[in-house]
Amino acid sequence: MSVPTQRTRPVVTGAADRRIGDRSTSMARTGGTSHAERVFRVQHAFTQLGGEVHGLADLARASGVDDSAVYRILRSGVTCGVFSQVGRGRYRLGPSAARIGTQALMNAIDSTSGEDLRACLDRLYRDTDGGLAFLFGLNHFGRAQRQCIEMSVGNSDLSELGANIRDVLTVNRSLRVGAAGRVILAHLPEQLQRQAIDEPVPRGAGPGVYRDRGKLVASLAEIRVKGYALGFQECLRGWNSFAAPVFGADAVLGAVLVLKPAHEVSVPRDECIAAVRATAAEMSSLGGAPQAEHVPEYAAARGA
């Protein structure tokens, strides 16, 4: 089953071709015809096209670079590990590109003050009337998964609230389980989505976990449209979750999550959603992404 993603695009034609031509013209006016510029455009074409393996013609069309130059760039990139050749005339990004991407994501996170992140979560904790607030980051070690970076739970002991260490280290790592996992998964490339979706549901997952592949894929499409995810007892029995993605300049870095008891109605659902989205947008701006449009609306609702 094909898993569409928000940040990947099919082979460009028609209006998309015109946009690439416009971009190429603009880059040429600013020195974009240099060899270095063409190398970066070919590398970026892999992320534009989506998927894993691409041919010379598709890469040339997406990058706006002529076929012969693309071929020379690819062959040089294979030598240094930036690209890998798969069969005759087919290429994918290589291990060197993966290391560069991982380092870039780590730099985006490291450049953000831990105190600033904690202040955001503390405010989210208060604004959701004691909702347990977490920041999860995307971790590619071994496989795409999430890990808890920071939390704000007041004076609560997680074990007293029914969350033990096993839950935190196993169930909550999976990107296919829970609002925070799915909101990250929704914005990953198609290949990583497939890998996560094909994983078995972790033992100990809550009764609301998505076990049907089709429904899980549909939920990812809905997340990309709405900008947030809701989880009803997915990770833990008796707990509902609200999550929104945290972005860097052009990639998802993680997710903000609030857990509330399923029976608790002290804060309306819409207010929890707005609070989570605003916090995620604030953290995204700390990581280099533009401020989201809904933040002023939320600030006005709070009387700021």
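The values are calculated or read from the model by the stated rules, or taken from the named source; none is laboratory data. Predicted, not measured: the structure shown is a model, and the values here were computed from it. Ideal geometry is used to build each Cβ from the backbone, glycine not excepted, and the neighbour counts take in all protein chains shown. Note: accessible area is taken over every heavy atom of the protein model, side chains too, but ligands, DNA and RNA are not part of it. Shrake-Rupley method; radii C 1.70, N 1.55, O 1.52, S 1.80 Å.
Can you tell me how the range 165-286 classifies by the Cα gyration tensor, rounded, prolate or oblate, using a/c under 1.5 as the rounded cut?
Since a/c reaches 1.5 but b/c is at least a/b, the shape of the range 165-286 is classed as oblate.
Under a 1.4 Å probe, what is the accessible area of the range 176-251 per residue, stated in Å²?
Here the per-residue accessible area is 41 Å².
Extent of the range 170-218 along each principal axis, from alpha carbon coordinates, in Å, largest to smallest?
That works out to 27, 20, 16 Å along the principal axes.
From the square roots a ≥ b ≥ c of the eigenvalues of the alpha-carbon gyration tensor of the range 209-274, which class results: rounded (a/c under 1.5), prolate (a/b over b/c), or oblate?
It comes out oblate by the Cα gyration axes.
Just read off the accessible area of Glu282 with the full protein assembly in place, 1.4 Å probe, to the nearest 10 Å².
We get 60 Å² for Glu282.
Need one value: the accessible area of Tyr210 in square angstrom, 1.4 angstrom probe, rounded to the nearest 10.
Near enough 60 Å² of accessible area.
If a/c stays under 1.5 just call it rounded; otherwise compare a/b with b/c (prolate if a/b is bigger, oblate if not). Do that for the range 40-100, with a ≥ b ≥ c from the square roots of the Cα gyration tensor eigenvalues.
Verdict is rounded for the range 40-100.
Just to confirm the filter: which trypsin sites (Lys or Arg not before Pro) across the range 199-248 are DSSP coil and have at most 12 other Cβ within 10 angstrom of their Cβ?
Loop-located and lightly packed - Arg203, Arg211.
Give me the extension gain from Arg194 to Ser68: residue separation times 0.36 nm, minus the current Cα-Cα distance, reported in nm with one decimal.
42.0 nm
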